Amino acid sequence: MKRVLICFVFATSLFAADQPIIIKAARLIDGRGGAVVSPAVIVVRGNRIESIGSAIPAGAQTIDLGDMTLLPGLIDAHTHILLQGDVTSADYDEQLFRESMPYRALRASRSAKIALEHGFTTLRDVETEGAMYTDVDVKRAINNGVIPGPRLFVSTRAMSVSGGYGPSGYSPEIIYPMGVQIVDGVEGGRKAVREQISHGADWIKVYADRSYFVDKNGQLSSIPTFTPEEMKAIVDEAHRLRHKVAAHAMARPGIENALNGGVDSIEHGIAIPDDLIDMMVAKGVYLCPTLTVTEYVAPGRGGVWARIPQFHHDSFQRALRKGVKIAFGTDAGGFPWDAVNEAKEFEYETQYGMTPMQAIQTATRNAADLLGMSDQIGTLEAGKFADIVAVPGNPLNDITAMQRVGFVMKDGAIYKRP
């Protein structure tokens with residue numbers, strides 16, 4: 001089988017499948033947090049990194065990227081490829097009520113291509129927002145070479161309880177699609193986990209809280225969705241079937257319930273109290289903060305959302321100081337894929353306390369660890385998948401360079417080059 005060379009469009013490979021490819025650049029950041037390597041040489045054969053910094057094999061084809069920095073393929077651990085922006089409930093309902101699932105799948109294929117061109121070679125997509133199991137089909141299309149896109153880990157429908165998710169506010173006589181799978185009761189939760197996994201879910205996603213407000217003490221609070229018994233049953237069933245659980249949880253009621261239930265990652269974590277931060281550290285639970293979406297949607301939503309960014313910045317900074325494991329996530333889809341580059345998240349991470357190297361690690365080594373893929377992706381090392389990107393200059397001096405990816409290789413295939 002010939003490998004594929006893609007520069008924004010599909011094209012036939014210029015390199016034989018067994019022919020080594022040499023990628024050269026001014027410097028290399030391997031994702032492990034060590035010193036920058038300069039100059040940088042990576043030898044790729046097939047879909048794997050053969051060596052780094054070694055002698056160039058005879059007959060190799062060379063790609064010289066000049067004054068660029070090589071990095072591992074980036075990982076966004078919180079996306080929605082089936083969603084194209086939902087600042088308001090009207091934005092959301094328009095997509096669920098007026099767009100067919102085939103049309104949403106076509107839009108998702110475009111979203112996947114945009115993500116790949118921005119350097120994201122892997123995504124964890126945490127729910128289809130009413131599009132049922134369409135993410136499984138998009139994943140299959142990418143894996144089969146039908147469309148270009150990142151390596152996908154999908155969570156299909158996600159779960160909430162009756163009255164806990166939209167669309168809402170319509171006449172009870174009207175039957176309409178819900179944005180999630182509605183699950184009530186312990187046995188209902190176990191059954192839903194089994195259904196979703198049987199239809200291709202890699203992860204299970206739960207919505208742990210809703211209806212946000214500022215309490216009398218000036219803290220962000222919420223209404224929890226699942227009972228503790230329901231949450232524990234869902235997590236137990238997922239773990240029994242060797243799948244991890246991600247929990248949308250923004251304030252104490254939802255975060256505490258999710259952590260007590262044993263989830264593997266907290267999504268958003270807008271206002272995490274210190275005692276729950278300590279619990280996350282003790283349990284090794286990841287935080288996927290999604291700073292970008294907060295900055296994007298808050299102005300348009302108004303109400304309590306006007307204060308959400310302030311809570312979010314404070315929570316992120318305290319989690320960072322206390323040593324919570326943080327994985328890169330943007331909630332792309334909550335903002336339109338063509339409106340904001342996902343890599344804007346790096347800028348927010350550094351603005352609120354991370355060093356550029358720490359920020360880069362959230363989207364490489366850390367995110368790979370969250371996905372259980374550290375042996376295959378997340379760092380530039382011999383034997384791992386040839387997921388390699390390059391940015392102009394040195395991102396440690398200018399983190400906005402991460403928004404200007406000029407070279408993308410995924411699984412040994414080139415999808416973008418200068």
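Bear in mind these aren't lab numbers, they're just calculated from the coordinates by the rules spelled out. Keep in mind that this is a model prediction, so the values were computed, not measured.
Just a few scattered comments:
- With θ taken as phi - 60° and the Karplus curve 6.51 cos²θ - 1.76 cosθ + 1.60 applied, the whole-hertz 3J(HN,Hα) list for segment 293-305 is 5, 4, 4, 6, 8, 4, x, x, 8, x, x, 4, 5 Hz, x standing for glycine and proline.
- Helix 101-117 and the longest principal axis of the C-alpha atoms of the chain enclose an angle of approximately 50°.
- Candidates ALA158, ALA247, ALA25, ranked by Gaussian network fluctuation over the chain, Cα under 10 Å, top entry: ALA25
- Amide H contacts under 5 Å for THR69, placed H, 5+ residues apart: VAL391, GLY393
- Diffusion coefficient of segment 281-345 by Stokes-Einstein, Kirkwood radius over Cα pairs, 37 °C, 0.692 mPa s: 258 µm²/s.
- Among THR88, THR227, THR400, the largest mean-square fluctuation in a Gaussian network model of the chain (Cα springs under 10 Å) belongs to THR88.
- Highest-MSF residue in the chain out of SER100, SER109, SER315 [GNM, Cα springs under 10 Å]: SER100
- With contacts taken as Cα pairs under 8 Å and at least 6 residues apart, segment 74-342 reaches a relative contact order of 21 percent.
- Label corresponding to Cα extents along the principal axes in Å when calculated from the structure given, among (i) 69, 44, 40; (ii) 57, 44, 37; (iii) 110, 44, 38: (i)
- Across LYS325/LYS416; LYS283/LYS384; LYS205/LYS283; LYS205/LYS325; LYS283/LYS410, pairs whose alpha-carbon gap is larger than 25 Å: LYS325/LYS416; LYS283/LYS384; LYS283/LYS410
- Backbone HN-Hα couplings from phi across segment 348-364 [Karplus 6.51/-1.76/1.60, Hz, Gly and Pro as x]: 5, 4, 6, 4, 10, x, 7, 6, x, 5, 4, 4, 4, 5, 4, 9, 10
- Measuring nothing but how far apart in sequence close Cα pairs (under 8 Å, 6+ apart) lie, relative to its length, segment 228-318 scores a relative contact order of 24 percent.
- Over the chain: helical MRE at 222 nm, DSSP H runs n ≥ 4 each giving -39500 (n - 2.57), nearest 500: -9000 deg cm²/dmol
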